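Peer 1: If you scroll down you'll find the structure; I have some questions about it.
The values are calculated or read from the model by the stated rules, or taken from the named source; none is laboratory data. What you see is a predicted model; the values in this text were computed from it and never measured. Every residue, glycine as well, gets a Cβ built from its backbone with ideal geometry; the counts of neighbours run over all protein chains shown. Just the protein is used for accessible areas: all its heavy atoms, side chains included, with ligands, DNA and RNA removed. Shrake-Rupley method; radii C 1.70, N 1.55, O 1.52, S 1.80 Å.
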Amino acid sequence: MRILLAVLCTCVLASCGGGSGGGDAGGGGSTPPPYAVALEADAIDIPQGSSATLVVNVTRQPGFTDDVAVTLDSPPAGLHAAAMTVPATRSAGILEIQVDPDAQLQASTVRVLAQSGSSSVAMTATVTVGAAVPGAQELIAQALQAGQIDSPTSLVYRAYALFDDPRLPAEYQ
């Protein structure tokens with residue numbers, strides 16, 4: 001009877017992860033973090049030399065009041081994001097991702113890492129780097145050079161562009 005009981009206990013311990021081993025790569029059995037993190041979008045497009053924002057939502061379990069730090073984990077060349085923190089008083093934060101002007105035109109999967117204390121949550125998003133979009137001043141200069149507008153009109157349009165005036169025609173915005 002004792003032998004049967006010992007075998008039964010050993011089987012139960014083995015099936016529930018008891019004993020040595022187990023756990024994640026960080027070692028020592030892992031427990032789920034006291035928060036969940038989700039990205040508002042799983043894909044964004046960013047032109048070269050520009051930036052875009054990625055909204056990060058944090059859902060905390062009752063009693064968990066720590067800040068959650070969010071970063072890009074080993075982003076590809078040409079992509080950068082400063083670390084940001086979602087304070088305990090908020091449920092969302094904005095991670096701004098910048099793209100270098102000479103970044104390669106491609107879609108990349110980036111790893112977004114949220115950490116608080118010793119726990120972390122990783123998510124992925126696709127960032128597609130597109131060709132740089134010419135600015136208003138460049139579009140106005142091109143139109144002047146092509147003879148589509150005259151010099152006085154280009155000066156007026158440049159002033160509109162400089163001050164984000166809604167009178168600037170849409171084709172130059």
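Peer 1: Does segment 131-140 hold any residues that are small (Gly, Ala, Ser) and either at pLDDT 95 or above or in contact with a helix residue (DSSP H, G or I) (Cβ under 7 Å, 6 or more places away or on another chain) (or both), and which are they? Working first, answer last.
Peer 2: Looking only at segment 131-140, we keep the residues that are small (Gly, Ala, Ser), and these are 131-132, 135-136.
Matches in segment 131-140: Ala136 only.
Peer 1: Give the residues of segment 78-100 that are out of contact with any Pro (no Cβ under 9 Å at 6 or more places or on another chain), within 15 Å of Gln48 (Cα to Cα) and either assigned to a strand (DSSP E or B) or at pLDDT below 95 (or both), sorted by residue number.
Peer 2: Once the filter is applied, which keeps residues that are out of contact with any Pro (no Cβ under 9 Å at 6 or more places or on another chain), within 15 Å of Gln48 (Cα to Cα) and either assigned to a strand (DSSP E or B) or at pLDDT below 95 (or both), segment 78-100 yields Leu79, His80, Glu96, Gln98.
Peer 1: For segment 29-46, name all the residues that are under 10 Å from the mean Cα position of the chain (by Cα), not in a strand (DSSP E or B) and not charged (D, E, K, R).
Peer 2: Ala41
Peer 1: In this structure, is Thr31 at pLDDT 95 or above and of a type in the set (S, T, N, Q)?
Peer 2: Details: at pLDDT 95 or above: no; of a type in the set (S, T, N, Q): yes.
When the stated conditions are applied, Thr31 does not pass them.
Peer 1: What number goes with the only condition from (1) within 30 Å of the chain's Cα centre (by Cα); (2) more than 28 Å from Val99 (Cα to Cα); (3) not basic (Lys, Arg) that Val127 does not pass?
Peer 2: Among (1) within 30 Å of the chain's Cα centre (by Cα); (2) more than 28 Å from Val99 (Cα to Cα); (3) not basic (Lys, Arg), the lone unmet condition for Val127 is (2).
Peer 1: Does Leu72 satisfy the condition of being modelled with pLDDT of 95 or more, open to solvent by less than 30 Å² (accessible area, probe 1.4 Å), in contact with a Lys or Arg (Cβ under 8 Å, 6 or more places away or on another chain) and aliphatic (A, V, I, L, M)? Give the derivation first.
Peer 2: Values: modelled with pLDDT of 95 or more: yes; open to solvent by less than 30 Å² (accessible area, probe 1.4 Å): yes; in contact with a Lys or Arg (Cβ under 8 Å, 6 or more places away or on another chain): yes; aliphatic (A, V, I, L, M): yes.
In short, yes.
Peer 1: With the condition kept exactly as written, say whether any residue in segment 4-22 is assigned to a loop (DSSP other than H, G, I, E, B), modelled with pLDDT of 95 or more, open to solvent by 80 Å² or more (accessible area, probe 1.4 Å) and over 19 Å from Ser118 (Cα atoms). Give the derivation first.
Peer 2: So the first thing to find is which residues in segment 4-22 are assigned to a loop (DSSP other than H, G, I, E, B), and the list is 16-22.
With the extra rule that they be modelled with pLDDT of 95 or more, the set shrinks to none.
Checked against the condition, which is being assigned to a loop (DSSP other than H, G, I, E, B), modelled with pLDDT of 95 or more, open to solvent by 80 Å² or more (accessible area, probe 1.4 Å) and over 19 Å from Ser118 (Cα atoms), segment 4-22 yields no hits at all.
Peer 1: Can you find, within segment 160-173, the residue that is farthest from Gln98 (Cα to Cα) among those that are aliphatic (A, V, I, L, M) and surrounded by 12 or more Cβ atoms within 10 Å (Cβ to Cβ)?
Peer 2: So in segment 160-173, the residues aliphatic (A, V, I, L, M) come out as 161-162, 168, 170.
Restricting the remaining residues to those that are surrounded by 12 or more Cβ atoms within 10 Å (Cβ to Cβ) gives 161, 168.
Numbers: Ala161: 23, Leu168: 27 Å.
Residue satisfying both the conditions and the ranking: Leu168.
Peer 1: Here's something else I'd like to know. Can you pull out the residues in segment 52-65 that are in contact with a Pro (Cβ under 8 Å, 6 or more places away or on another chain), loosely packed, with under 15 Cβ neighbours inside 10 Å and either within 12 Å of Ser119 (Cβ to Cβ) or not small (Gly, Ala, Ser) (or both)? Write out each step before concluding.
Peer 2: We begin by selecting, within segment 52-65, every residue in contact with a Pro (Cβ under 8 Å, 6 or more places away or on another chain); these are 60-61, 63-64.
Checking the rest, the ones that are also loosely packed, with under 15 Cβ neighbours inside 10 Å come to 61, 63.
Matches in segment 52-65: Gln61 only.
Peer 1: Right, another one. Is it the case that segment 135-153 has a residue that's open to solvent by less than 50 Å² (accessible area, probe 1.4 Å), under 23 Å from Ala52 (Cβ atoms) and in a helix (DSSP H, G or I)? Outline the logic, then answer.
Peer 2: The initial filter retains those residues of segment 135-153 that are open to solvent by less than 50 Å² (accessible area, probe 1.4 Å), namely 135-136, 139-141, 143, 149, 153.
Those left that are additionally under 23 Å from Ala52 (Cβ atoms): 135-136, 139.
Those still in the list that are in a helix (DSSP H, G or I) too: 136, 139.
Checked segment 135-153: at least one residue is open to solvent by less than 50 Å² (accessible area, probe 1.4 Å), under 23 Å from Ala52 (Cβ atoms) and in a helix (DSSP H, G or I).
Peer 1: On to the next question. Looking only at residues in segment 101-129 that are part of a loop (DSSP other than H, G, I, E, B) and among the polar types (S, T, N, Q), which one is surrounded by the most Cβ atoms within 10 Å (Cβ to Cβ)? Let's see the steps before the verdict.
Peer 2: Residues of segment 101-129 part of a loop (DSSP other than H, G, I, E, B): 101-106, 117-118.
Pick out the ones that are also among the polar types (S, T, N, Q) and you get 104, 106, 118.
Numbers: Gln104: 13, Gln106: 11, Ser118: 9.
Going through the qualifying residues, I end up with Gln104.
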